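Taking it in order: structure first as structure tokens, then the write-up.
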Amino acid sequence: MAGSLRVSARLHRRAQLRAFGLVAPLLIFVGLTFVTPLATMLVRSVYDPVVADALPETQMLLKDWDGEEGLPSEAVYAAVAKELKRAGAERTLGQVASRINRVQGGLRSALARTERALRDVEQGPWRETMGAIDPIWADPATWHAIQATGERFTSRHYLNALDLQRLPSGAVVAQPQERRIYLRLFWRTIIVSSIITLLCLALGYPIALLIARSPPHRANLLLILVLVPFWTSLLVRTTAWIVLLQTQGVLNDLLVVLGLINDDGRLAMVYNMTGTIVAMTHVLLPFMVLPLYSVMRGIPSVHMKAAASLGAKPLQAFLRVYWPQSLPGVGAGALLVFILAIGYYITPALVGGSDGQLISNMIAYHMQTSLNWGLAAALGGVLLVGVLVLYAVYDRLVGVERMGLG
Amino acid sequence: MGNRARTAHVEFRGISKSYDGRTLVVKNLDLSIRTGEFVTFLGPSGSGKTTILMMLAGFQSPTAGEILLDGRPIQDLPARKRGIGMVFQNYALFPHMTVGANLAFPLEVRNVGAEERTELVDRVLRLVRLEGFADRRPSQLSGGQQQRVAIARALVFEPELVLMDEPLGALDRSLRDEMQYEIRRIHRTLDVTVVYVTHDQQEAMVMSDRIAVLREGIVEQIAVPEGLYEEPERAFVARFIGESNLLKGRVTAVLDEVCEVETGGEKVHALKVVACETGDPVTLSIRPERVAINSVPGRYKNEVSATVEDLTFLGDQLRVRLTACGRSDFIVTIPNIVGHSPLLRGDSVRIGWTALDCRALNHERS
Ligand SMILES: Nc1ncnc2c1ncn2[C@@H]1O[C@H](COP(=O)(O)OP(=O)(O)OP(=O)(O)O)[C@@H](O)[C@H]1O
Ligand SMILES: [Mg+2]
């Protein structure tokens, strides 16, 4: 008895090992290409050692300066002078300066100028010498900026991403009006994504219903038609929308020919929010149709007959019998489309113009143009948290195990 | 019942149905169902049973003919307005609603007040013996319980006509037996008209007032259960209902009610059921329990010699396979009553039956 139990336990372990062996390549792949970069980016959003590494002594000495009693002591000036010179020699000054500059504008060039001027200076008094080189050294704000960027672990990026800032006193307050961008952009992204999700649902539900009610051969054909967009490049599809929607485009021409609008009243349907919404709805529609279809396929068509035989009008039968049963598919499709939409990048970049940009375009901007990866990572982190919260809410309300993804 | 029992509740008049415009799956159906009657359509798969129910329920429209409900044509009446209760083959209970909600549904869409609703739901739950199950989900019930709920749902809004499409098809044998009696009890309690569909002849026999045997869209015979068994009018019915020895033969003489038929080298006398003349091919139907083995010579009109091929003891009866009338699968059953003479394989015997128990039916190609 015990022997056979042991044998079965061993067999069980072997089966588990085999199962693990089968998924191991995927796990390694996902680990290398997804988890690691993601983790690196998230670390980057809170960890930035560049300034701390370049100006260690300065940072140490600044700890004793509370910022209230004017400028720091001569020793601090001496330390920063020495470390700026070293950073110049080691060619890290650019990175340091750009980080400090993000906290306090205009410091990049001043720091570079100071370093150049200090190259020939061997002796103090540093405070006076530096004050003469550039007035920034007589401004406590400069020191606050150096102090702030000198923390290895920083909440700066997250505060920034949420339009907040930390005052020298340590208090967290909202950014001044003109510097608030990201919260508005997050909101816009959420609203646009919601609109796209609703549009996809409105357009996708009848299609999915039709496919689910068709005999198998026709359902297959229709499903292929739904998937046809996946066979063409996203870029081509998006460009096609430009051709259709632009001011001199097919749709406007048609409207003019039909006399619905006149020639100088052509509608702006692309390079703005309309363009983003139209093109993204088109791109994301299959992600709504497929989960809906897979759930609807499982709803017996006899249920609608049963409802009718029990005296329900078609609309009643739909609302009370069909719709509730299709909800897992609605949930899955909506969640999928919404999550894809809030992270979508290419389409708004191409057809969004200036007011059709979403948060991911801002992330891309910080990754590629401003090179503020810390902020980009923090914006991405906020997005990730948003998605996880959404998922948790969905799980609480509907239950993830009821999600009909396939 | 008296007067009420004689009025036609449902009437099919010349109903034909084709789905594809070429083949008719229901052919010229004429049938009148009385109020309170339990009528079963019995037939093999594909014989058009469901199609007939769907036309009556309003989910299919006839290609030709008309259906009358209480004397009024109903082709323009949508399903929901026909007020017919329907039990579907796979229950079709709404999985996202509790049993109580499923039962309340037809009442809610009819705007029945909350109080009356509760009362009706309670009453129907008692009728199907499911008190206390109102808060369960259909998925938390056994197959038999789900079936009861489906029946209850078709009854709760008090329709006068209830259709059931193979409601017991998904249940196992013993549960099916139990539910047959249950449905019969409910029918008697409520005095509703029931149109029932099944391919199981025993089921049809247990419950029905009348059975319509269906084959390829044609009603072969409609009769009370005993009538179908005792007096089949078509070879198909004789084969489909109970067991029968079906012998192919040719008429050699006709005298009034009886005819003489030559089959497998024997001349036998048979009741002339099908219209036939000398020389016509016919099928003879002889029930296995109506044949006697080694009885007093001269007692039966038909007596032929046979050889015992096989014996099977079935508890309540002995099943004997014989070679007779040129066939080696002639079956005779003998009730297990103490005292019958022991038979052995290979015995030569005489078997006999009356002309009344031998029915000359239509010739069947097969
Ligand atoms: N919706 C439909 N479209 C086309 N043909 C159909 C349709 N429904 C049924 N048929 C055909 O009509 C014939 C009768 O079908 P029906 O469903 O009435 O048979 P049935 O007696 O109920 O059989 P079963 O015992 O298998 O349920 C079959 O040949 C079937 O293929
Ligand atoms: Mg059927």
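The values are calculated or read from the model by the stated rules, or taken from the named source; none is laboratory data. Keep in mind that what you see is a predicted model, and the values were worked out from it rather than measured. Cβ sites come from the backbone with ideal geometry, for glycine too, and all protein chains shown count toward neighbours. Note: accessible area is taken over every heavy atom of the protein model, side chains too, but ligands, DNA and RNA are not part of it. Shrake-Rupley method; radii C 1.70, N 1.55, O 1.52, S 1.80 Å.
Scan the range B:69-79 and tell me whether some residue there is within 10 Å of chain A (Cβ to nearest Cβ), over 26 Å from B:Met207 (Cβ atoms) and crowded, with 18+ Cβ neighbours inside 10 Å. The answer is no; no qualifying residue exists. Counting only residues that are more than 16 Å from ligand 1 (Cβ to nearest atom) and surrounded by fewer than 20 Cβ atoms within 10 Å (Cβ to Cβ), the range B:187-203 holds 4 of them.
Considered as a group, the residues in the range A:307-323 that are within 8 Å of chain B (Cβ to nearest Cβ) and open to solvent by 30 Å² or more (accessible area, probe 1.4 Å) include one that is farthest from B:Ala79 (Cα to Cα), and that residue is A:Arg320.
Taken together, the criteria exclude B:Glu216 from residues that are within 16 Å of ligand 1 (Cβ to nearest atom), within 14 Å of the chain's Cα centre (by Cα) and more than 14 Å from chain A (Cβ to nearest Cβ).
So if I check each of A:Thr247, A:Thr239, which one is in a helix (DSSP H, G or I) and assigned by TED's automatic domain parsing to the domain that holds A:Lys305?
That would be A:Thr239, the only listed residue that is in a helix (DSSP H, G or I) and assigned by TED's automatic domain parsing to the domain that holds A:Lys305.
Please list, ordered by residue number, the helices (runs of 4 or more DSSP H) wholly in the range A:1-109 having 1 or more residues that are assigned by TED's automatic domain parsing to the domain that holds A:Ala141 and open to solvent by less than 40 Å² (accessible area, probe 1.4 Å). Even if it seems obvious, please write down each step before you answer.
On the way: elements: A:2-30, A:36-46, A:50-54, A:56-62, A:74-89, A:93-103.
So the answer is A:50-54, A:56-62, A:74-89, A:93-103.
Tell me the residue from A:Phe29, A:Phe20 that is within 37 Å of the chain's Cα centre (by Cα) and more than 30 Å from A:Gly381 (Cβ to Cβ), please. Break it down into steps so the answer makes sense when it comes.
On the way: A:Phe29 fails: more than 30 Å from A:Gly381 (Cβ to Cβ).
Step by step, each of A:Phe29, A:Phe20 is checked, and only A:Phe20 is within 37 Å of the chain's Cα centre (by Cα) and more than 30 Å from A:Gly381 (Cβ to Cβ).
Just for the range B:154-170: of the residues that are more than 16 Å from ligand 2 (Cβ to nearest atom) and either under 18 Å from the mean Cα position of the chain (by Cα) or open to solvent by 40 Å² or more (accessible area, probe 1.4 Å) (or both), which one is farthest from B:Val128 (Cα to Cα)? Ranking the qualifying residues of the range B:154-170, first place goes to B:Glu160.
So for the range B:88-110 (the condition being of a type outside the set (A, V, I, L, M), more than 16 Å from ligand 1 (Cβ to nearest atom), more than 14 Å from chain A (Cβ to nearest Cβ) and open to solvent by 10 Å² or more (accessible area, probe 1.4 Å)), does at least one residue qualify? It would help to see each step written out before you state the result.
Applying the first criterion (of a type outside the set (A, V, I, L, M)) to the range B:88-110 yields B:88-91, B:94-96, B:98, B:100, B:102, B:105-106, B:108, B:110.
So of that shortlist, the ones also more than 16 Å from ligand 1 (Cβ to nearest atom) come out as B:94-96, B:98, B:100, B:102, B:105-106, B:108, B:110.
Add one more test, that the residue is more than 14 Å from chain A (Cβ to nearest Cβ), and what stays is B:100.
The next check asks that each one be open to solvent by 10 Å² or more (accessible area, probe 1.4 Å); those that pass are B:100.
Yes - at least one qualifying residue is present in the range B:88-110.
Can you spot a residue in the range B:12-19 that is among the aliphatic types (A, V, I, L, M), away from ligand 2 (no atom under 16 Å from the Cβ) and open to solvent by less than 10 Å² (accessible area, probe 1.4 Å)?
Within the range B:12-19, the first condition is being among the aliphatic types (A, V, I, L, M), and the residues that meet it are B:15.
Retained after the next criterion (residues that are away from ligand 2 (no atom under 16 Å from the Cβ)): B:15.
Still in the list and also open to solvent by less than 10 Å² (accessible area, probe 1.4 Å): B:15.
Looking for residues that are among the aliphatic types (A, V, I, L, M), away from ligand 2 (no atom under 16 Å from the Cβ) and open to solvent by less than 10 Å² (accessible area, probe 1.4 Å), one finds at least one in the range B:12-19, hence yes.
Can you name every one of the strands (runs of 3 or more DSSP E) wholly within the range B:279-366 that holds 1 or more residues which are out of contact with any strand residue (DSSP E or B) (no Cβ under 6 Å at 6 or more places or on another chain)?
On the way: elements: B:281-286, B:302-313, B:317-324, B:327-335, B:348-353, B:358-361.
The strands (runs of 3 or more DSSP E) meeting that bar are B:302-313, B:327-335.
Screening B:Phe12 with (1) closer than 21 Å to B:Val237 by Cβ; (2) without any contact (Cβ under 8 Å) to a residue 40 or more places away in the chain; (3) in contact with a helix residue (DSSP H, G or I) (Cβ under 9 Å, 6 or more places away or on another chain) gives one miss only, at (2). All conditions in (1) touching a helix residue (DSSP H, G or I) at 6+ places or on another chain (Cβ under 6 Å); (2) open to solvent by 10 Å² or more (accessible area, probe 1.4 Å) hold for B:Thr63, with the sole exception of (1). B:Gly85 meets all of the listed conditions (1) closer than 30 Å to B:Val237 by Cβ; (2) open to solvent by less than 10 Å² (accessible area, probe 1.4 Å); (3) within 15 Å of ligand 1 (Cβ to nearest atom); (4) among the small types (Gly, Ala, Ser) but one, namely (3). Of everything listed in (1) within 19 Å of the chain's Cα centre (by Cα); (2) free of Cβ contacts under 8 Å to residues at least 60 places away in the same chain, the single unmet condition for B:Arg250 is (1).
When the range B:17-46 is filtered for residues that are away from ligand 1 (no atom under 15 Å from the Cβ), in a strand (DSSP E or B) and in contact with a helix residue (DSSP H, G or I) (Cβ under 8 Å, 6 or more places away or on another chain), the ones remaining, listed by number, are B:Arg34, B:Phe38. Only helices (runs of 4 or more DSSP H) whose full extent lies in the range B:47-141 are considered here, and the ones with at least 2 residues that are more than 16 Å from ligand 2 (Cβ to nearest atom) and closer than 24 Å to A:Ile299 by Cα are B:99-108.
Okay, residues lined up against (1) under 19 Å from B:Gly100 (Cβ atoms); (2) touching a helix residue (DSSP H, G or I) at 6+ places or on another chain (Cβ under 8 Å); (3) in contact (Cβ under 8 Å) with a residue 24 or more places away in the chain:
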{"site": "B:Val149", "(1), (2), (3)": "yes, yes, yes"}
{"site": "B:Glu182", "(1), (2), (3)": "no, yes, yes"}
{"site": "B:Val194", "(1), (2), (3)": "no, yes, yes"}
{"site": "B:Met207", "(1), (2), (3)": "no, yes, yes"}
{"site": "B:Gln221", "(1), (2), (3)": "no, yes, no"}
{"site": "B:Gly227", "(1), (2), (3)": "no, no, no"}
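Quickly run through the range B:162-186 and pick out the residues that are within 16 Å of ligand 1 (Cβ to nearest atom) and among the acidic types (Asp, Glu).
Answer for the range B:162-186, where residues must be within 16 Å of ligand 1 (Cβ to nearest atom) and among the acidic types (Asp, Glu): B:Asp165, B:Glu166.
Residue count for the range A:272-306 under the criterion of being farther than 14 Å from A:Val330 by Cα, buried (at least 21 other Cβ atoms within 10 Å of the Cβ) and within 14 Å of chain B (Cβ to nearest Cβ): the result is 1.
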